[in-house]
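**Student:** Mind looking over this structure? Questions follow.
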Amino acid sequence: MSLVGLVSGAARRVATPAALAGAAFVAAKAMAAFTSPDAKADSARSMAKPLYETHKPSTTLQKTFVAAGAALMGFGDPTDGSHIAALGDATSNGFFGKMREQMISDPTGRRILKERPQIAFTPEQWEALAKLPEGSFGHAYYNQMKRNGISWSTRPPVRFVDNEEDAYMLLRYRQCHDFYHTILDLDISVVEELAIKVFEWRQTGLPVGLIASVFGPLRLPPHEKARFFSHYLPWAMQCGSQAKPIISVYWEEMLECSVDDVRKEMRVWLLPERNSVTHAENYTAVAH
C-alpha cells in the first residue's frame with residue numbers, strides 16, 4: 001500500500017466524528033480571526049509590514065492555527081474551497097524551492113515570473129471561448145467550467161505567504177487549477193479532486209496536496225475509496241511525476257490549440273478507467 005494509503009487509514013481510526021466536530025469548532029474560531037478580510041491585526045502581527053496587497057503578516061503559531069482550522073473545516077465541509085486555499089497559504093512557506101527552480105530554468109516560466117499574468121476574462125472574452133472549435137483547449141476549458149458550474153473568478157487571494165514572489169507562484173498555481181482539470185479530463189467530485197491534488201503535489205512539492213490526499217479519502221464511501229486507491233492514486237502519482245511542470249505553462253496562450261496537442265506537450269495521459277466510470281458515479285461532488 002502507498003504512503004498516502006497507510007497514513008489515511010491510520011487517520012481514519014483516530015478521527016472520531018465527535019472529536020472532529022469539537023476540534024473543528026475551536027479551530028474555526030481561531031482561523032476566523034486571521035483569515036477574515038476584515039480581521040484586524042493584533043499587536044504581534046502589526047509589527048510586521050505587509051509585503052503585498054493581500055498579505056496578512058502572521059507568526060508561526062498563528063499559521064499553525066490557520067492550518068489546523070482549515071484542515072479540520074475542510075474535512076467537515078469539502079464543498080468550501082476556501083478551506084483548502086487557507087491550508088495552502090499556511091503550510092507553503094519554505095516549500096517553494098521546487099516551483100521556483102522549475103520556473104527559472106524554463107524560458108516561459110521566467111517570462112511568467114516577469115510579467116505576472118493573472119487568470120481573468122471579460123464577459124466577451126469568456127463567451128468567445130464557447131465559439132472556439134470543438135476539440136480546442138479553450139473550448140474544452142469553457143465546457144468543463146460550465147458543466148461543473150464553477151467560475152475562474154472565485155479563487156481567493158494569497159494571504160499568509162511571507163515572500164512576494166512565492167505568493168505570486170502560489171496564486172498562479174491556484175488560479176490555473178481548473179486548467180489542470182481540463183487537461184486531465186477530471187470533474188469536481190471528491191475522488192477526482194483528490195486525484196488532482198496528488199498530481200499537483202507530485203508536480204509542486206507543496207504540502208497541501210499531500211495533506212488533502214491523506215485525509216480526503218476519509219470522506220469517501222467505500223466503493224469510491226476503493227476506486228481512488230486502486231485507480232486514481234497510482235495514475236495521479238505517475239502522471240504528476242512525469243508531466244511537464246505545470247507552473248511554467250502560459251495557459252492563456254494555448255486556448256486556441258488542440259486539447260490533445262496540449263496534453264502531448266504536457267506529457268500527460270488520461271486515466272484509462274475514466275471511460276468505464278462516468279462522472280455521475282463519482283457523486284460526492286464538491287464546489288470551488
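The values are calculated or read from the model by the stated rules, or taken from the named source; none is laboratory data. Owing to the predicted nature of the structure, the values given are computational and were not obtained by experimental measurement. Because the Cβ atoms are built from the backbone with ideal geometry, glycine has one as well, and the counts that use them run over all protein chains shown. For accessibility, only protein heavy atoms count, side chains too; no ligands or nucleic acids. Shrake-Rupley method; radii C 1.70, N 1.55, O 1.52, S 1.80 Å.
**Student:** What ³J(HN,Hα) values, in whole Hz, does the Karplus curve 6.51 cos²θ - 1.76 cosθ + 1.60 give for the range 252-264 when θ = phi - 60°, with x put for Gly and Pro?
**Tutor:** 4, 8, 10, 5, 8, 6, 5, 5, 5, 5, 4, 5, 5
**Student:** Exactly which trypsin sites (Lys or Arg not before Pro) in the range 120-214 are in a DSSP loop and have at most 11 other Cβ atoms within 10 Å? Don't jump to the answer; show the numbers that get you there.
**Tutor:** Working: sites: Lys131, Lys146, Arg147, Arg159, Arg172, Arg174, Lys197, Arg202; in loops: Lys131, Arg159.
Of the trypsin sites (Lys or Arg not before Pro), the ones in loops of the range 120-214 whose Cβ has at most 11 other Cβ atoms within 10 Å are Lys131.
**Student:** Let me ask you something else. Rounded to the nearest whole Å², what accessible area per residue is found for the range 69-200 with the 1.4 Å probe? Present the calculation step by step, with values, prior to reporting the outcome.
**Tutor:** Values: 5070 Å² over 132 residues.
In whole numbers, the range 69-200 has 38 Å² accessible per residue.
**Student:** For a quick check: with amide H placed at 1.01 Å from N, whose amide H comes under 5 Å from Ser189's, ignoring anything fewer than 5 positions away on the same chain?
**Tutor:** Val286
**Student:** What shape does the range 56-145 take by its C-alpha gyration tensor, where a ≥ b ≥ c are the square roots of the eigenvalues and a/c under 1.5 counts as rounded, a/b above b/c as prolate, and the rest as oblate? It would help to have the intermediate numbers written out before the result.
**Tutor:** Values: a/c = 2.76, a/b = 1.45, b/c = 1.90.
In terms of gyration-tensor shape, oblate.
**Student:** Provide the net charge surrounding Arg147, with neighbours chosen by a C-beta distance below 12 Å and charges set as Lys +1, Arg +1, Asp -1, Glu -1. Spell out each step's value before the answer.
**Tutor:** Working: positive: Lys146; negative: Asp178, Asp185, Asp187.
Net charge in that neighbourhood comes out at -2.
**Student:** Where in the range 75-150 are there GluC sites (Glu not before Pro) that are in a DSSP coil and have at most 14 other Cβ atoms within 10 angstrom of their Cβ? Provide the component values of the computation, followed by the final result.
**Tutor:** Details: sites: Glu101, Glu115, Glu124, Glu127, Glu134; in loops: Glu134.
Here the sparse-neighbourhood loop sites are Glu134.
**Student:** Right, next: Quick check: residue separation of His223 and Asp162 times 0.36 nm, minus the Cα distance between them. What number comes out in nm? Don't jump to the answer; show the numbers that get you there.
**Tutor:** Details: separation 61, 0.36 × 61 = 21.96 nm, distance 4.11 nm.
Extending this stretch completely gives an extra 17.9 nm.
**Student:** Search the structure for amide H atoms under 5 Å from the amide H of Cys257, placed 1.01 Å from N in the peptide plane, and list their residues when 5 or more places away or on another chain.
**Tutor:** It is Phe137, Gly138, by chain and number.
**Student:** How charged is the neighbourhood of Phe96? Take every other residue with its Cβ under 14 Å from the Cβ of Phe96, and add Lys/Arg as +1 and Asp/Glu as -1. Walk me through the numbers before you get to the answer.
**Tutor:** Numbers: positive: Lys98, Arg100, Arg172, Arg174; negative: Asp89, Glu101, Asp162, Glu164, Glu165, Asp166, Glu200.
Cβ neighbours under 14 Å give a net charge of -3.
**Student:** Further, regarding this structure: Can you list the HN-Hα couplings for the range 223-235, worked out from phi with the Karplus curve (6.51, -1.76, 1.60; θ = phi - 60°), rounded to whole Hz and with x for Gly and Pro?
**Tutor:** 3J(HN,Hα) across the range 223-235, in whole Hz: 5, 6, 5, 5, 5, 4, 6, 8, 10, 5, 4, x, 5.
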